[in-house]
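The values are calculated or read from the model by the stated rules, or taken from the named source; none is laboratory data. Predicted model only: the values in this text are computed from it and were never measured. Using ideal geometry, Cβ is built from the backbone for each residue, glycine included, and neighbour counts are taken over all protein chains shown. When the accessible area is computed, the model is the full protein with side chains, heavy atoms only, and any ligands, DNA or RNA have been set aside. Shrake-Rupley method; radii C 1.70, N 1.55, O 1.52, S 1.80 Å.
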Amino acid sequence: MEMGTSSSSSGLVKAKSETLSEALKSSSLDFSNGGGSSHGRKQHVRASSSPSQSGISNYRRNTHIRKAKTLDLGRLTGGEALSRASSASLGLSFSFTGFAVPHEEEIIPSERSCSNDDNLEDIEAATSSVVKLPEEPTFPIYLKFIDITYKVTCKAMTSSSEKSILNGISGSAYPGELLALMGPSGSGKTTLLNVLGGRFNQQNTSGSVSYNDKPFSKHLKSRIGFVTQDDVLFPHLTVKETLTYTALLRLPKTLTKQEKEQRAVSVIQELGLERCQDTMIGGSFVRGVSGGERKRVCIGNEIMTNPSLLFLDEPTSCLDSTTALKIVQMLQSIAKAGKTIVTTIHQPSSRLFHRFDKLVVLSRGSLLYFGKASEAMPYFSSIGCSPLLSMNPAEFLLDLANGNMNDISIPSALKEVSSCSKIRPPKSTPTAVYEYLEEAYKTQIEAKEKKKLMEPVPLDEEVKLMITCPKREWGLSWWDQYCILSLRGFKERKHDYFSWLRVTQVLSTAIILGLLWWQSDIQHPKGLQDQVGLLFFIAVFWGFFPVFTAIFTFPQERAMLSKERESNIYRLSAYFVARTTSDLPLDLILPVLFLVVVYFMAGLRLRAESFFLSVLTVFLCIVAAQGLGLAIGASLMDLKKATTLASVTVMTFMLAGGYFVKKVPMFIAWIRYMSFNYHTYKLLVKVQYEEIMQDVNGEEIDTENMLIMERLKSPPPLMIVSDLDHTMVDHQDHDNLSLLRFNSLWEEAYRRDSLLVFSTARSPILYKELRKEKPLLTPDIIITSIGTEIAFGNSMVPDHSWVETLNTHKWNQEIVLEETRKFPELTLQPKTEQRLHKVSFYIDEGKGEAVTKELSHLLEKRGLDVKIIHSWGMNLDVIPRGGGKGEALEYLLKKLKAEGMSPVNTLACGDSEHDAELFSIPDVHGVMVSNSQEELLKWHTENALNNSKLIHSSERCADGILQAIDYFKLGPTLSPRDASEFLNGKADIANPGQEVVRFYLFYERLRRGEIKKYETYIASFKESCDQDAVFFHPSGEEKSLREAIDELRKYNGDRSGKKFWVWVDQVLVIDNISGKCIVKFDKWEQCEDERKCCTTTVEFTSKGKGCLVWEQVKQIWSEESELNDENNCWII
């Protein structure tokens, strides 16, 4: 078995190598950059063998011999010189892929006749179209590998062990040769191929692999092609698109785009893929090209750049024999072009076997044979292993590698071993056969082959050094890589995005949502609550959907990314940015279709700005969700683990999204800020209700506050609408006695079924400041800014339909500010008093009437319809004509009537000219407190003197309201604070409000030292508590409720002589089932200037008529509390 030629032939090779070196020096090509490539022309006939293949074997096919013209290097330049020189060194002429047409060459047959297969091949080649391409040289690479060993570590539960995959494998493959790696499954073929291709970690590998006698370097990646066993291709790209993108990415930037595209077309023609070039590649769920065509596309991807060394892992697997033959013929032709081809092969046919130049036979990771393929059969015959009948050489070799000696002669050495075991007829175990063949190779061939491998490559040192490059250079700029990858990604993934299944899923969900939320009425509290639920569902849907879509994406693309990165095709940063941004246009289309359907069917806000901001919000949610999905998919390549982790993560984000849980414990509250559902929900709510949420976060749309009136089981018997300053609040009463009297009466007798409305000229900000100064109750509804704003509950959730009503009037704040600048008598009030539909000024004393008249005229000329209110001699407010306290009250009455909750009686209370509008509404009782302003009294004299439903009270402020309730017989008027024996009163029916109010009134007077017989009352309260009743302190301490009441004794009179008040607010029954009721309220304490509050929940049990038993009291610090008592001095 000769690896090379005779000594004279070696000298010829050396001489030609020197010629090649000279050609390289004169060539204008720079091989340090990997170089580009061009395609060769199809070869009509097979070229003659290289010197290393000159031996004639009985198992080689007859070939045609081509007489080449004499090579004249002086007439060649650049690439031509290198091409011809390197061809001469191999004794052949080649072009890009080896399908070369000789230049005016004469074709003469060999002395031996051609086989039928060769004739058929020649006929097919002659009748096929020939594509002529400019010739380009192939840089020769001589591959050698010596004593290759590869081990892996097998980890068990308690220990680990090493397992050898390869054991001392040696061999070589030179330019123009096709080396086949054969062996049974598990013999180490693919492992050896990966080691030779530089794709394994060097830590597990020993031995040496050299390329032109140089070690592996990253620069070599651009000169090596690697076709994996699995066809790693994008299923939705066509054959032409696949090869075109490969050409655009891998070919050097010295070529134009048109030249690269033409290169791809040429490869298609050379590989015979013209008929399927516009067919999708296909995959598991997509029909596409055949297996053979897929394999040819994979090969085309690798030969696009004219690689010097090409590795293929089982290129004929799963193909029929004819298709497999075409693949191997193509590989043989590529090898003839001066390239080094190494391929693994599983079970080739006899025709395929005779196409191989060199052969490696492996078994159990060890080498059984390396040498010329044509000399394999003579070698095994020489060691006593011959087929007993005609068979495929490949089958014969695989039988030997498996230790199967059926139909194979048994060597005498093995017969002796068999006879010792007295087995008839003699048979050998697979292990014995394996050991015999391994030993035979080591004794007869290995030493000679290793000696040949130690011989230097017949290339000059200068040429050898060209295989390395100190700096990696990219074929394209970062921007070009990004653009091509983006376009490829867009074309590949658009099929998934717009599959009929996904489009149907999105549109059907949108239609169902539109039908369920059909034209939701946000003017009704229930409609607003429903619409908020829809917004949250949109945030959740477009959070779930992209996450699970993205999880399946990266594991499918990882194989392609690894393959292309191994070849240094592009930068990782370019891939990442392209992968992210190429999806953005696709991500936008389905959400737009979804929102177009849902938005208008559900009756969301019909403004272009709101719609497009909603689309943008959903789009950003999708980008964030896809990022999470890609991160999980890339981290856990196992889809089951990835989907499990994604489910838990997304579910956590959904629960923390701000809809299900409003008040999250501090130790876990940070999760919501990581939740894209939370931010999407907040933004969607803000977009829909922005103009009516100036002081409210979208998160504060609270069911309890938004649906204040749902606690009313029937129309309220009384609705009090009261001004604040100097009506409800007496600023001259520093002890707030009248206000506290009203508070206790309201919480005891009215809170459960009536409505309290505050109507004030204050802005929401100043109203909140007043609440900090005075013991104000929380109203059900608050009208602020002289009737231009309406809000509900403690969170002051705005009524945006009232804002929309005011928007219909002729109002423009900018015009008002422009015209008022003409009046030096006016000074703009602070920004806190400037509202969306109110502009407030200070006015010089005595100028009010004149300024009002002139300003009204100017604004009317500008097309505005406004109302100018002059009050207190120093304030001037401009609001829309449709605004004002009276208009706001009329709006509320209509709204309550539409909901079937029109109050039986309405009492309006006021003290200034602002409140005159309240008294003008039909069927509304009115009271002017005794401290009313002269403007209001003047209005009463001129306009309402004969109005029997309006009285002028003799009492100040809140006491005047109580007097009006008594005058009009609207309900009880005796406040518990005025009852001398308030603790002895018994209700006809169980009244939780009365129980709570009277207990804390006792508590206040006890601490002020005003109750002499407090022991009797303490004993009475203990009797009203269950034996097992529990009290939970705000600090978290738990004790017996009776024990807590006993402790009250030591606090008797501890606040004597101080301004100390206790009051309760919002006493509401939140549950009442089967004799048990749960009451929730805020309990306030104020001592001098210090104020504390806790939210209290009390559980009562009904025991007979008018009797309630205390079962449990639980308190937590309120967010409104100015001081949390950390010293546990807080008393029940």
State the extension gain, in nm to one decimal, for the chain segment bounded by Ser317 and Glu935, taking 0.36 nm per residue of separation less the distance between their alpha-carbons.
212.3 nm
State, as an integer percentage, the relative contact order of the stretch 984-1117 based on alpha-carbon contacts under 8 Å between residues 6 or more apart.
28 percent
Exposure ranking of Phe653, Phe1060 by accessible area [1.4 Å probe, largest first]:
Phe653, Phe1060
Which percent of the accessible heavy-atom area of the stretch 176-280 goes to carbon and sulfur, probe 1.4 angstrom?
46 percent
Residue separation times 0.36 nm, minus the C-alpha to C-alpha distance between Arg881 and Cys483: what's the value?
137.4 nm
Which percent of the accessible heavy-atom area of the stretch 478-690 goes to carbon and sulfur, probe 1.4 angstrom?
71 percent
Under the 7 Å Cα-to-Cβ spin-label approximation, Val577 and Glu955 lie apart by a distance in nanometres of 7.6 nm
How would you classify the stretch 740-801 from its alpha-carbon gyration tensor, with a ≥ b ≥ c the square roots of the eigenvalues: rounded for a/c under 1.5, else prolate if a/b is greater than b/c, otherwise oblate?
oblate
Suppose each label sits 7 Å from its Cα in the direction of the beta carbon; what would the Thr509-Val596 distance come out to in nanometres?
1.8 nm
Amide H within-cut-off set for Asn905, under 5 Å, with H built and near neighbours excluded
Leu718, Met719
Multiply the residue gap between Met674 and Arg607 by 0.36 nm, knock off their C-alpha separation, and tell me the result in nm, one decimal place.
21.1 nm
Please work out how much accessible surface Lys372 shows to a 1.4 Å probe, ignoring ligands, DNA and RNA, in Å² rounded to 10.
30 Å²
Let me cross-check Arg881: its accessible surface, 1.4 Å probe, with only protein heavy atoms counted, in Å² to the nearest 10?
110 Å²
Note, the stretch 586-599: 3J(HN,Hα) by Karplus (6.51, -1.76, 1.60, θ = phi - 60°), whole Hz, Gly/Pro = x, goes 5, 5, 8, 6, 5, x, 5, 4, 4, 6, 4, 6, 5, 4
Among the listed pairs Lys1050/Lys1083; Lys810/Lys861; Lys838/Lys885, those beyond 19 Å (Cα-Cα):
Lys1050/Lys1083
If you rank Ile1018, Ile815 by how much accessible surface each has, with a 1.4 Å probe, what is the order from largest down?
Ile815, Ile1018
Whole-Hz ³J(HN,Hα) from phi, Karplus 6.51 cos²θ - 1.76 cosθ + 1.60, for the stretch 1045-1059, glycine and proline x
5, 4, 5, 5, 4, 6, 9, 4, x, 6, 10, 5, x, 10, 7
Dipole in debye (nearest 20) - the stretch 478-690, about Cα centre, beta carbon charges: Lys, Arg +1; Asp, Glu -1:
300 debye
Using the Karplus equation 6.51 cos²θ - 1.76 cosθ + 1.60 (θ = phi - 60°), what ³J(HN,Hα) coupling, rounded to whole Hz, does each residue of the stretch 504-516 give in order, writing x for Gly and Pro?
4, 4, 5, 5, 5, 4, 5, 5, 4, 4, x, 6, 5
For a test of understanding, tell me how many lysine pairs in the stretch 478-690 have Cα atoms under 30 Å apart, given they are 8 or more places apart or on different chains.
16
Could you compute how much accessible surface Asp735 exposes when probed at 1.4 Å, giving the result in Å² to the nearest 10?
60 Å²
Which entries in the list Lys151/Lys221; Lys774/Lys1058; Lys144/Lys372; Lys358/Lys450 go over 22 Å, if you measure between the two C-alpha atoms of each?
Lys151/Lys221
Go through Glu1111, Glu435 and list them by solvent-accessible area, largest first, probe radius 1.4 Å.
Glu435, Glu1111
